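Heads up, the thing below is written out as structure tokens.
The values are calculated or read from the model by the stated rules, or taken from the named source; none is laboratory data. Since this is a predicted model, take the numbers as computed values, not measurements. Every residue, glycine as well, gets a Cβ built from its backbone with ideal geometry; the counts of neighbours run over all protein chains shown. Accessible surface areas use protein heavy atoms only, side chains included; no ligands, DNA or RNA. Shrake-Rupley method; radii C 1.70, N 1.55, O 1.52, S 1.80 Å.
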Amino acid sequence: MLSLEKYRARFGIVAVVALALAGAAAALLVLLDARWARIVTAAVSWAAAVGLTVFLVRRARAREHIRRDAITKAEARHRALLEGMPLVTWLRDTGDSKETLYVGPAIAELTGYSASEWREQPDLHEKLLHSDDRDRVVPELERAAGGAPITIDYRLLARDGRATWVREDTATVLDHKGEPLYLQTFLRDIGEWKRAEDRREEVQAAERDAAAESAERQGRLDLLRRAGNDLVASVEMDGALTRVSELVVSDFADWCVVDVVDEGNQLRRVAAARAELTHPNGAHGPSDDPENEVRAVFESGRTRVLPPLGDTSSGQRAEFVGLEARSVICVPLWARKQALGALTFARTQRGPAYSADDVALAEDLAARVALAFDRARLYREVEDRSDAARVLEYVADGVLLLDRNGVVRLWNPAAKAITYIDADQVVGKTATEAIPGWKDAVDTVPVSASPSPGHDEVLIPIETSRGERWIAISGVRFFGGTVYAFRDLTDARQLEEIKADFIATASHELRTPLAAVYGAAQTLLRHDFALDETGRERFVSLIADESERLGRIVNEILLANQLDAGRIDLEREPFDGRDLLERVVEATRMHAPPSVKLTINANGDVPHVAADLDKVRQVLVNLVENAIKYSPDGGTVEVGIGARDDFVQFHVRDEGLGVAPEEQERIFEKFYRADPHMTRGVGGTGLGLYICKELIDRMDGRIWVESNDDKGSTFFFELLTADVLAHQDTAHRRLQSDAHRARLKSGTGSNN
Ligand code: ADP
């Protein structure tokens, strides 16, 4: 086949040859004159012209064929290109008819409607628009028809009903003069891309959800951690529980109600925190006391969830703890198998119904609260017990706790002090074997069932390493055994005895002089006439002596009472102790029995003392008279004075009966007499030394006795010098006197 270029070249050559032949034929016709020659020439020219014409026609046909062929090929290529593209090409008339000029066959694949159907139905496209997209798309299409290029995504409803996402690119194609030729639209199936986008959105949403969930989990962990910190930081539970409930309402619940048991195991409300500012409609809110539904959870120990987990009938409101709630969790508080309370969470306004996760969180929180609460209770118990133990340490009464088997479980320090029995000697043993005398006494001890005041006590003797002690004891029975409380009444008992003795002694002491006075007076009355001057004088002086003795006894009793009542005013004046001592000895010598020799030991310089002169005389007289009185067999009584640091020390030494070591303290007690029954025939009230000691104590001095049984005894007392008293303040004096006494005790200051 000829190519177009070759054809053109040949056509040129043919034209040149034709022109040359035509020229030659014309020249021959002019030159030849012979008819045949001219006929031949004309015939040859015509034949040549015919041949040329045939040639030219055939060539022209060949050329047309080639052109058509080329166009057909180009069209086929173009079509193949269009149809091979992943989009639908759609060409429409720009006029009002919108007639489809061309639509790619792929339209059938995209919409289920064939290309011919599209061509036949000009409004098919609009009909297939998805109703949701129509309002958005139609104005855009109109804009495109007006010549504006558009790109828009929308859905087309395919024949089989599915919606296909397409992207439309429409532009108006213009000719070389700028006149609109046709509307060119490309429809691309973007379903896949849309689906991918949807999937991406889904993935993003899932990521967002996961992030939110992890944030929520984190929030919950934070809540647990913060609640835990609050609970651990305090043993004051009410405050901690209130703080926890406030933490919870910030995002887990609109209300958080906390109920716990009190000391008496009664449920009580400690906190009701809420997130809302106002009460929800119609609801009255939790009351001050736990409601029955909370008690039920507390008693059953089972969590209650409203609406129940898995219940999908949403929107139902539940009535709980006085709240109209969307959702409620009520969790019991348990620790060491003990019900301790309940936690109630309620959502009244915000958030969805509680899920299994929420219940787990609530239970976790409840476990922590219960643990902390239990710990605080234990702590309190331990504190209470240690308080009780401390009280028992310091209480003055002896406390003895026996378990149900009679074994001693507690023996407090006072019990030891009273009985001189160490705790480790009794605790863990039965009372009968550990406490001497218990076996005989226990049956008489009253044991009551409650520690009511005013219960009976009995006085029983207990044998101790230091002699018999009298204790007043009573017991109270409780579920674990019996607790006994006892007091040492030995001293009180002794005092009672002593008082009884005193009454006996004093009445004897009073009766003897009274009888003498009475007898003498009677004698004087009856025998006055028969008595001479001497006889009368003897009776009168007897009456005077005995009356004086009576007066002294009465005075002693009165003075002792005044001392007891604190009604004694003491002077403080400086005086010469030696002078006083000499005068007392002088006066005593007048009536001392001849068997007793009174001496004075007063060598060296003795400073003045500052004290109540009369009272010091009274003390000295008392000691000297006692020395004489308790020297029934006579002997020397030495009365002395000397300086001892800041003190002036007096002493009265005798060779009489002496004072046993165990009585050296006691003889200064009120009414105490070493020999109350006067086996040695020496009478007295037991008040003299008591009065001496009280007076000396009040003058900041000290009195004591030292004795050696068979060599009599020496009574000492000492008083501050006037100088010291004048220059030193009281506190200093005390310090010094204490130091001085300490020295005396250690023996360095004694004149013996
Ligand atoms: P009374 O009136 O019995 O003498 P006191 O209080 O003066 O009372 O003395 C108390 C007890 O101290 C006396 O009963 C006596 O047993 C004992 N007592 C006092 N002075 C002496 C002494 N110098 N020698 C021995 N015993 C004494």
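Quick look at the numbers
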item: In segment 683-727, residue nearest to the ligand (Cβ to nearest atom) [restricted to those that are under 26 Å from HIS508 (Cα atoms) and aliphatic (A, V, I, L, M)]; result: LEU689
item: Selection from segment 99-118 of residues that are more than 17 Å from ARG79 (Cα to Cα) and surrounded by 15 or more Cβ atoms within 10 Å (Cβ to Cβ); result: LEU110, THR111, GLY112, TYR113, GLU117, TRP118
item: Residue check for LEU87: among the aliphatic types (A, V, I, L, M) and open to solvent by 70 Å² or more (accessible area, probe 1.4 Å); result: no
item: Filter result for the condition that a residue is closer than 20 Å to TYR672 by Cα and either without any contact (Cβ under 8 Å) to a residue 60 or more places away in the chain or in a helix (DSSP H, G or I) (or both), over ARG526, ARG493; result: ARG493
item: Candidates LEU623, LEU598, LEU657 - the one that is part of a helix (DSSP H, G or I), among the aliphatic types (A, V, I, L, M) and either touching a residue at least 24 places away in the same chain (Cβ under 8 Å) or under 29 Å from ASP569 (Cβ atoms) (or both); result: LEU623
item: Hits in segment 546-567 (condition: modelled with pLDDT of 85 or more and farther than 20 Å from LEU623 by Cα); result: GLU546, SER547, GLN562
item: Matching residues, segment 455-472, being without any contact (Cβ under 8 Å) to a residue 60 or more places away in the chain and in a strand (DSSP E or B); result: VAL458, LEU459, ILE460, PRO461, ILE462, GLU463, THR464, GLY467, GLU468, ARG469, TRP470, ALA472
item: Residues (under 16 Å from GLU655 (Cβ atoms), of a type in the set (S, T, N, Q) and either without any contact (Cβ under 8 Å) to a residue 24 or more places away in the chain or open to solvent by 20 Å² or more (accessible area, probe 1.4 Å) (or both)) located in segment 695-728; result: SER707, ASN708
item: Qualifying residue in segment 154-177 (condition: in a helix (DSSP H, G or I) and open to solvent by 50 Å² or more (accessible area, probe 1.4 Å)); result: no
item: Matching residues, segment 126-137, being within 20 Å of ILE107 (Cα to Cα), touching a residue at least 12 places away in the same chain (Cβ under 8 Å) and not in a strand (DSSP E or B); result: GLU126, LEU128, HIS130, ASP133, VAL137
item: Residue pairs meeting the criteria (Cβ under 6 Å; at least 6 apart or on separate chains; first charged (D, E, K, R) and buried (at least 16 other Cβ atoms within 10 Å of the Cβ), in segment 213-228; second at pLDDT 85 or above and in a helix (DSSP H, G or I)); result: ARG220/LEU361
item: Filter result for the condition that a residue is surrounded by fewer than 16 Cβ atoms within 10 Å (Cβ to Cβ), in contact with a Phe, Trp or Tyr (Cβ under 7 Å, 6 or more places away or on another chain) and farther than 30 Å from LEU542 by Cα, over SER465, SER448; result: SER465
item: Odd one out for PRO661, checked against (1) open to solvent by 20 Å² or more (accessible area, probe 1.4 Å); (2) more than 9 Å from the ligand (Cβ to nearest atom); (3) in contact with a helix residue (DSSP H, G or I) (Cβ under 7 Å, 6 or more places away or on another chain); result: (3)
item: Identity of the residue in segment 598-633, farther than 30 Å from HIS727 by Cα and more than 13 Å from the ligand (Cβ to nearest atom), that ends up surrounded by the most Cβ atoms within 10 Å (Cβ to Cβ); result: LEU598
item: Per-region count, segment 635-654, residues in contact with an Asp or Glu (Cβ under 9 Å, 6 or more places away or on another chain) and away from the ligand (no atom under 13 Å from the Cβ); result: 7
item: Yes/no for THR505 being among the polar types (S, T, N, Q) and either closer than 28 Å to VAL442 by Cα or without any contact (Cβ under 8 Å) to a residue 12 or more places away in the chain (or both); result: no
item: Within segment 396-430, considering residues that are polar (S, T, N, Q), open to solvent by less than 50 Å² (accessible area, probe 1.4 Å) and not in a helix (DSSP H, G or I), the one farthest from GLY481 (Cα to Cα); result: ASN412
item: Selected residue (only one of VAL17, VAL44, VAL54 is open to solvent by 60 Å² or more (accessible area, probe 1.4 Å), at pLDDT 85 or above and at negative phi); result: VAL54
item: Residue identified as more than 20 Å from PRO332 (Cβ to Cβ) and polar (S, T, N, Q) among SER245, SER214; result: SER214
item: Selected residue (only one of ALA253, ALA215, ALA240, ALA227 is over 20 Å from the mean Cα position of the chain (by Cα) and part of a helix (DSSP H, G or I)); result: ALA215
item: Qualifying residue in segment 386-395 (condition: assigned to a loop (DSSP other than H, G, I, E, B) and outside the structural domain of GLY239 (by TED's automatic domain parsing)); result: yes
item: Qualifying residue in segment 729-745 (condition: within 18 Å of GLN664 (Cβ to Cβ), open to solvent by 60 Å² or more (accessible area, probe 1.4 Å) and either at pLDDT below 60 or of a type in the set (Ser, Thr, Tyr) (or both)); result: yes
